[in-house]
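Here's the structure we're looking at; comments come further down.
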Amino acid sequence: QDQLVESGGGLVQPGASLRLSCTASGIFFSVFNMGWYRQAPGKQRELVATITSGSDTTYADSVKGRFTISRDNEKNTVYLQMSSLKPEDTAVYYCKKDRRYYRGYDYDDLWGKGTQVTVSS
């Protein structure tokens, strides 16, 4: 069964950097658009960054210039490099594989279980 496993979260001070990883099981990783989302306590889940199968990227305004999403299709992994972290970046970060119809099969959206990022002095 396909799954996504996030890692790399932790407790860091403001201004620090952190790199999140999301590794996918299953096949055809390279054809799927991927995304990072986050959910802070008491708030709705929000989009952080996306990367297409062709490696085009988009970012939320709040993270532009500080976060970078990338992918390594050889490793079935998508990354989120976060720098200049702020307390407001504190959240659970989730990885998502977007739904796609490919080679006769309809692959549903797939979410990871999340990794906690806490930015605090």
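For LYS96, a cut-off of 21 angstrom between C-alpha atoms picks up these lysines, skipping any fewer than 8 places away in its own chain: LYS43, LYS64, LYS75, LYS113.
Which residues make up the longest stretch of the chain clear of trypsin sites (Lys or Arg not before Pro) that lie in a DSSP loop with no more than 11 other Cβ atoms within 10 Å, not counting the sites? No qualifying site falls inside 1-42, the longest such stretch. Per residue, the accessible area of segment 1-115 comes to 55 Å², computed with a 1.4 Å probe over protein heavy atoms only. Loop-located GluC sites (Glu not before Pro) in segment 37-95 (DSSP state not H, G, I, E or B) with no more than 10 neighbouring Cβ atoms inside 10 Å: GLU74.
Computed over the chain, the range of Cα coordinates on each principal axis works out to 50, 26, 23 Å, biggest value leading.
Remark: segment 27-35, residue by residue, has Karplus-estimated 3J(HN,Hα) of 10, 6, 3, 5, 8, 9, 6, 10, x Hz, where x stands for each Gly or Pro and the curve is 6.51 cos²θ - 1.76 cosθ + 1.60 at θ = phi - 60°.
The values are calculated or read from the model by the stated rules, or taken from the named source; none is laboratory data. In this text the structure is predicted, and so the values were computed from the model without any measurement. Backbone-built Cβ (ideal geometry, glycine too); neighbour counts: all protein chains shown. Heavy atoms of the whole protein, side chains included, go into the accessibility calculation; ligands, DNA and RNA do not. Shrake-Rupley method; radii C 1.70, N 1.55, O 1.52, S 1.80 Å.
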